[in-house]
Amino acid sequence: DVKVTQSSRYLVKRTGEKVFLECVQDMDHENMFWYRQDPGLGLRLIYFSYDVKMKEKGDIPEGYSVSREKKERFSLILESASTNQTSMYLCASSFSGRGISYEQYFGPGTRLTVT
Amino acid sequence: AQTVTQSQPEMSVQEAETVTLSCTYDTSESDYYLFWYKQPPSRQMILVIRQEAYKQQNATENRFSVNFQKAAKSFSLKISDSQLGDAAMYFCALDSNYQLIWGAGTKLIIKP
C-alpha cells in the first residue's frame, strides 16, 4: 500500500513563527506536491517538486518555501506565519511519466491554525 | 486559463439510488486527463476514476462511471446503488502539464 504521511494532523502557531510541515512517501515517487485546501476553493497548488532539489511554484507560492533534500521527503516552510495562512495543508505524491498523468496519493492533511 | 467548475456545492441521495455529480472544464489542450477524487470526512483523498481525453469510451469503476462529453467540456460522475460509505466531498480535477486544476468540490450526503 502506498503511504504518504504528514508530520502533524493539527498544529497551532502564533503569528510570526516559522512553521515546518513535513511529508514523507514510501513509494519512490518522483513527484511531490503541497496543496492548500479551503472551503469553496477546492485545492490550490503551492509548490511541487519533480526531483530531489528541484521545485516549481504553483498557483499560490507567496509566503511559502519548500525543501526536497531526499526523494521521499518534501517539506513546506512558512517563514513567518500569518493568520491568512490558517488552512488545511495536503501533501501528495505521484509517479512521473512523459505524456501520462498518474494518480496522486495524498497524506491525511495538517490543519494549521495561526493565531 | 484552465478552469474546473463544479456547480453543485451539495447533493443528497437516498441510499441505493443513483446520483450524478456535474463538472465542466475549460482547456485549450487537445489531450489531457480528467479525474474524480473522493475525500471522506476526516480521511484521506483517494482517486475514484480517471478519464483520458483521447479515449471516447467512458471510464467505469464498479458502481462509479463517468459521462465524458469532450465537445461540451463536461465530465460528470454517476454513482449507482449509493451506499452510506459514499458520503464524502467529491472533487473534479483536470490535468494541466502534470499539475492538477481542481474544482471547488461537491459534498455528497447519503440518506439512509
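Give me the dipole magnitude in Debye, nearest 20, for chain B about the Cα centre, with unit charges on the beta carbon: positive for Lys and Arg, negative for Asp and Glu.
100 debye
Going 7 Å from the Cα of A:Ile77 along its beta-carbon direction, which residues of segment A:43-67 have the amide nitrogen within less than 20 Å of the resulting point?
Those under the cut-off are A:46-67.
Connecting C-alpha atoms closer than 10 Å in a GNM of chain B, tell me which of B:Ser76, B:Ser12, B:Ser28 has the biggest fluctuation.
In the Gaussian network model the winner is B:Ser28.
Any idea how far the Cα center of segment A:75-104 sits from the one of segment A:30-65, in Å?
4 Å
Need one value for A:35-43: mean number of C-beta atoms belonging to other chains within 10 Å of its residues' C-beta atoms. Please list the in-between numbers first.
Details: counts 3, 0, 6, 1, 5, 3, 4, 12, 11.
If you average over the peptide's residues, the count of other-chain Cβ atoms is 5.
What fraction of the Cα pairs in the protein assembly as shown, stated in percent, has a spacing above 29 angstrom?
Across the protein assembly as shown, Cα pairs with separations above 29 Å total 28 percent.
Two decimals is fine: what is log10 I(q)/I(0) at q = 0.13 Å⁻¹ for chain A, from a Debye sum with one equal scatterer on every Cα and no solvent?
So the normalised log intensities are -0.45.
Check cross-link reach from A:Lys70 to the lysines: straight Cα distance under 18 Å, and skip same-chain residues fewer than eight apart.
Those lysines meeting the cut-off are A:Lys3, A:Lys53, A:Lys55.
Quick one: Cα convex hull volume of chain B, Å³ per residue?
Here the figure is 96 Å³ per residue.
Considering every residue in A:102-115, what mean count of other chain Cβ atoms within 10 Å of its Cβ is obtained?
That average works out to 3.
Bear in mind these aren't lab numbers, they're just calculated from the coordinates by the rules spelled out. Everything quoted here is computed from the prediction, not taken from an experiment. No Cβ is skipped: glycine too gets one built from the backbone with ideal geometry, and neighbour counts run over all protein chains shown.
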